[in-house]
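Below is one structure, written out as structure tokens; the observations come after it.
Values in this text are rule-based calculations from the coordinates and carry no lab data. Note that the structure is predicted; figures quoted are calculated from it, not measured. Cβ coordinates were reconstructed from backbone atoms using ideal geometry, including for glycine residues, and neighbour counts include every protein chain displayed.
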Amino acid sequence: MKLSRRKANQEKSGLLEVNVIDQWLEQHGDPAIERLVKKNLAISNKIAQILTSKGMKASDLATLMHKQKSEVSKWLSGQHTFTTKTIVAIEAALDAEIICVEPIHKNIYFTVHSRIPSNDFTQDEVFEESISDGEYVSA
Amino acid sequence: MNTAKVIAEKISLEKIKPIRENLDLGFDLKDKEFQMNIAQSIKHNLEKKSFKISLLVSFSSTEHVFAEYLYDFYFKVENMLEFVSEKDGKTAFTGQLLGTLIGLSYSTLRGILYSRLAETNLNGIILPVVNPNELLNSKISE
């Protein structure tokens with residue numbers, strides 16, 4: 001396939017730009033921000049899924065929550081940083097769970113007391129031969 | 001007949017002492033039949049409420065004994081005196097208690113040997129489950 005020189009240069013510069021951004025992110029990127037972006041996108045996707053499963057549109061959610069349609073659109077774009085208050089309000093409006101907090105497991109422990117054996121009682125000379133006065137019957 | 005009950009919480013395994021560990025590494029086991037022998041000796045100390053169980057496990061072919069393991073297991077039994085009686089002028093204990101202690105020792109030895117033999121040509125050998133009464137009857141000859 002033949003490409004014009006201009007187009008080829010444009011593509012080349014685009015590739016170069018991506019590489020520069022990647023490099024910059026590798027050096028200066030904040031892992032916490034990366035996580036935040038991922039979580040925001042995940043929350044947006046979850047809200048979109050719930051709306052689909054309930055046969056609703058973004059405008060229906062806006063009506064339910066007395067919000068502007070543009071605000072709900074921003075939520076669904078993944079560019080909004082949600083507060084817990086907003087998430088809970090959406091959950092209440094949709095009657096569905098967006099974020100599930102893992103349950104607390106209660107552990108039951110039992111204690112075993114260990115003792116440090118004293119040296120004297122393992123000496124051979126203090127032991128006498130034992131005999132059995134009957135048979136062992138298994139439980 | 002003494003019917004004192006064995007209470008697990010009153011028994012403690014205090015010490016495990018390897019006395020003898022012999023293994024002929026050069027012995028070729030390929031296509032050879034071999035047998036396993038188990039023997040025990042039980043000794044006690046009334047004052048210390050303790051028992052010393054010695055277990056001897058040996059593996060032999062028709063040619064010779066190629067592996068031998070002797071371990072001592074030291075137990076304390078809080079209610080030891082409840083199991084004491086006298087037989088032929090000697091201190092005797094109920095079969096129930098001695099069988100339990102032998103069983104505990106033997107099971108522990110099974111785990112120890114499974115691990116000890118892992119890197120040898122006896123790799124994977126698991127001591128068979130045996131009736132404690134049979135163990136009580138097979139004594140280590142002095």
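Summary of computed values
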read-out: Hypothetical label at B:Val130: residues of the range B:55-74 whose amide nitrogen lies under 17 Å (7 Å Cα-Cβ projection); value: B:55-61, B:65-73
read-out: Cα-based Lys pair tally, the range B:19-142, threshold under 13 Å, eight or more apart or on separate chains; value: 7
read-out: Cα point-scatterer Debye curve for chain B, base-10 log of I(q)/I(0) at q = 0.10, 0.16 Å⁻¹; value: -0.38, -0.85
read-out: Dipole of the range B:8-137, positive direction: furthest Cα of B:Phe51, B:Asn123, B:Asn137, with charges on the beta-carbon; value: B:Phe51
read-out: Tail beyond 24 Å, pair distance distribution of the protein assembly as shown (Cα, percent); value: 70
read-out: Full-stretch length increase - A:Ala92, A:Gln49 - with 0.36 nm per residue and alpha-carbon distance subtracted; value: 13.9 nm
read-out: Folded to 0 to 90 degrees: helix B:95-116 orientation relative to chain B principal axis, Cα; value: 30
